[in-house]
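Colleague: Structure incoming, see below.
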Amino acid sequence: MQHWHVYRKWNERFFRECYTAYEAGRSEANPADGWYKGEMGFFDFYIIPLAKKLKDCGVFGKSSDEYLTYAVANRKEWERRGEDVVNEMMAAIKEEKAEAEERRRRKAGREAPNRN
C-alpha cells in the first residue's frame, strides 16, 4: 500500500532478515525458495483485501483509494519482476558475503605473526 520503491526497500530488509535466520540455523527453509510465490499470496490474500476494506469504510479518506491503487500496482509489478528481484537480492547477499570473507582473509594475513 505504498510506492513500489518503498515496498521494495522493506521487502528486501525482511528478506535479508529471514535469510540471516536461515543461515544461522533459526529457520529450516531458505526464504529464496518461496519468496516470489509467497509475496503473490501476501498481495492476493492480505494486502489487496485489506486495502479494499479500507477503501470501503473510508477510514483514511482519499488515501484509502491510493492505498488500493498502490497495492494493485505493486502486485502487478511483483508478478512481472518479482523472480528477478529475488535473484538480485540473492546475488547481492552472495557478493556481500564474498567481500566480507575477502576482508577477513586480508585482515587475518596482516595479523599473522611475522616468522622471519
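The values are calculated or read from the model by the stated rules, or taken from the named source; none is laboratory data. Computed from a prediction, not measured in an experiment: that's the story for all the values here. Every residue, glycine as well, gets a Cβ built from its backbone with ideal geometry; the counts of neighbours run over all protein chains shown. These accessible areas exclude ligands, DNA and RNA; they are computed on the full protein's heavy atoms, side chains included. Shrake-Rupley method; radii C 1.70, N 1.55, O 1.52, S 1.80 Å.
Colleague: For the chain, take the longest principal axis of its alpha carbons; what is the angle in degrees between that and the long axis of helix 62-111, to the nearest 10 within 0 to 90?
Modeller: On a 0 to 90 degree scale, this one is about 0.
Colleague: Something else about it: To the nearest 20 debye, what is the magnitude of the charge dipole of segment 50-116 about its Cα centre, counting +1 on the Cβ of each Lys and Arg and -1 on the Cβ of each Asp and Glu?
Modeller: 360 debye
Colleague: Given the options 22, 87, 34, identify the residue whose Cα lies farthest towards the positive end of the charge dipole of the chain (+1 on Cβ of Lys, Arg; -1 on Cβ of Asp, Glu).
Modeller: 22
Colleague: Calculate what fraction, in whole %, of the accessible area of the chain sits on carbon and sulfur atoms when a 1.4 Å probe is rolled over the protein chains.
Modeller: C and S fraction of accessible area: 51 percent.
Colleague: What is the ratio of the Cα radius of gyration of segment 39-116 to 2.2 N^0.38 Å, where N is its residue count, to two decimals?
Modeller: 2.01
Colleague: Now for a different question. If you take the square roots of the eigenvalues of the alpha-carbon gyration tensor of segment 1-67 and sort them as a ≥ b ≥ c, do you get rounded (a/c under 1.5), prolate (a/b over b/c) or oblate?
Modeller: Note, shape of segment 1-67 comes out prolate.
Colleague: Could you rank the peptides 97-109, 27-39 by their average count of other C-beta atoms within 10 Å per residue, with the highest value first?
Modeller: The peptides rank, most packed first, as 27-39, 97-109.
Colleague: Once you keep just the Cα pairs under 8 angstrom separated by 6 or more residues, what percentage relative contact order results for segment 22-101?
Modeller: In percent, rounded to a whole number, it is 31.
Colleague: With springs only between Cα atoms under 10 Å apart, run a GNM on the chain and tell me which of 85, 72, 59 wobbles the most.
Modeller: 59
Colleague: Where in segment 67-88 does the label zone of residue 10 land, with the point 7 angstrom along Cα→C-beta and an amide N cut-off under 12 Å?
Modeller: 71
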